[in-house]
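The values are calculated or read from the model by the stated rules, or taken from the named source; none is laboratory data. Given the structure is predicted, the values throughout are model-derived calculations rather than measurements. Glycine also receives a Cβ, built like all others from the backbone with ideal geometry; neighbour counts cover every protein chain displayed. All accessible areas refer to the heavy atoms of the entire protein, side chains included, with ligands and DNA or RNA removed. Shrake-Rupley method; radii C 1.70, N 1.55, O 1.52, S 1.80 Å.
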Amino acid sequence: MPRRPDPDLEGEILDAAQKLWKKRGAKGLTMRAVARAAGTNTPSVYRRFRDREDILRALLHRLRLELAAALESGSSPEEACERYLDFALSHPYEYELFYRHEHELFHSARSSRAGVKPVGQPARDVMRRKLAEKLGGTPADHEGLLTALWMLAHGAAMLLIAKTIPPKDVAAARGLFSETVAALIRRAERSAKRGSETVTEFEISESVS
């Protein structure tokens, strides 16, 4: 009787790849190592993923969805920003995929030649919706503010992950991050009440000056 395919194997392969990434980084993530860690063989991995980059793309997509779910759990844009920072700090190795490999995997000339299509941005979509719910307008109306919040959260995450900010100063730094997020959003609220649908670059700089 032929052996039935394992419907859970793809998830198990990604679980194994995520563990290897945490332990060894990019150099340790070979198809053979992933197969061994997943308790399967290399041909089974190749039947589901054409190469190591394909595994990384699937892993990055999984992490995107996890980050979006974390942001969704925040009851406001301010809380969602805190969830972003919490996610990055609790997944430092996975977060590296975002800032070091996303362009190469999805947007580079090499990925384009391989026929890879850019994927969606579920976390940014969550934030677009939360900002529209708080400030009014449509989810597309607050791109300037969204970009400012993203840059702020990513910068804070990198400083904390790298321990550039000493442990004794982390609590104070988190407090400053929260205050700056709140200041940006308060400024956007005032602009919305004056009838402006979006936050301009001038208004963003003014809110933190």
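Observations, loosely collected:
- Number of positions in the stretch 71-103 that are crowded, with 17+ Cβ neighbours inside 10 Å and aromatic (Phe, Trp, Tyr): 4
- Meets criteria (surrounded by fewer than 19 Cβ atoms within 10 Å (Cβ to Cβ), of a type in the set (D, E, K, R) and in contact (Cβ under 8 Å) with a residue 60 or more places away in the chain) for residue 22: yes
- Scanning the stretch 166-191 for residues that are buried (at least 17 other Cβ atoms within 10 Å of the Cβ) and either touching a strand residue (DSSP E or B) at 6+ places or on another chain (Cβ under 6 Å) or among the charged types (D, E, K, R) (or both) gives 174, 187.
- Residue 163 vs. criteria over 25 Å from the mean Cα position of the chain (by Cα), at pLDDT 85 or above, open to solvent by 60 Å² or more (accessible area, probe 1.4 Å) and over 17 Å from residue 131 (Cβ atoms): no
- Of residues in the stretch 7-19 being more than 19 Å from residue 96 (Cβ to Cβ) and open to solvent by 10 Å² or more (accessible area, probe 1.4 Å), the one modelled with the lowest pLDDT: 7
- Residue in the stretch 92-106 that is without any contact (Cβ under 8 Å) to a residue 24 or more places away in the chain and farther than 24 Å from residue 24 by Cα present: no
- The single residue among 131, 67, 146, 135 that is at pLDDT 90 or above, touching a His at 6+ places or on another chain (Cβ under 8 Å), closer than 19 Å to residue 177 by Cβ and buried (at least 17 other Cβ atoms within 10 Å of the Cβ) turns out to be 131.
- Qualifying position, being open to solvent by 30 Å² or more (accessible area, probe 1.4 Å), within 12 Å of the chain's Cα centre (by Cα) and farther than 25 Å from residue 159 by Cβ, among 62, 50: 62
- Those residues of the stretch 102-128 which are at pLDDT below 75 and closer than 24 Å to residue 83 by Cα, in sequence order: 119
- Scan of the stretch 107-128 for residues that are buried (at least 17 other Cβ atoms within 10 Å of the Cβ) and either in a loop (DSSP other than H, G, I, E, B) or touching a Pro at 6+ places or on another chain (Cβ under 8 Å) (or both), ordered by number: 127, 128
- Of residues in the stretch 146-166 being part of a helix (DSSP H, G or I) and without any contact (Cβ under 8 Å) to a residue 12 or more places away in the chain, the one farthest from residue 121 (Cα to Cα): 155
- Some residue of the stretch 32-44 being under 28 Å from residue 170 (Cβ atoms) and open to solvent by 10 Å² or more (accessible area, probe 1.4 Å): no
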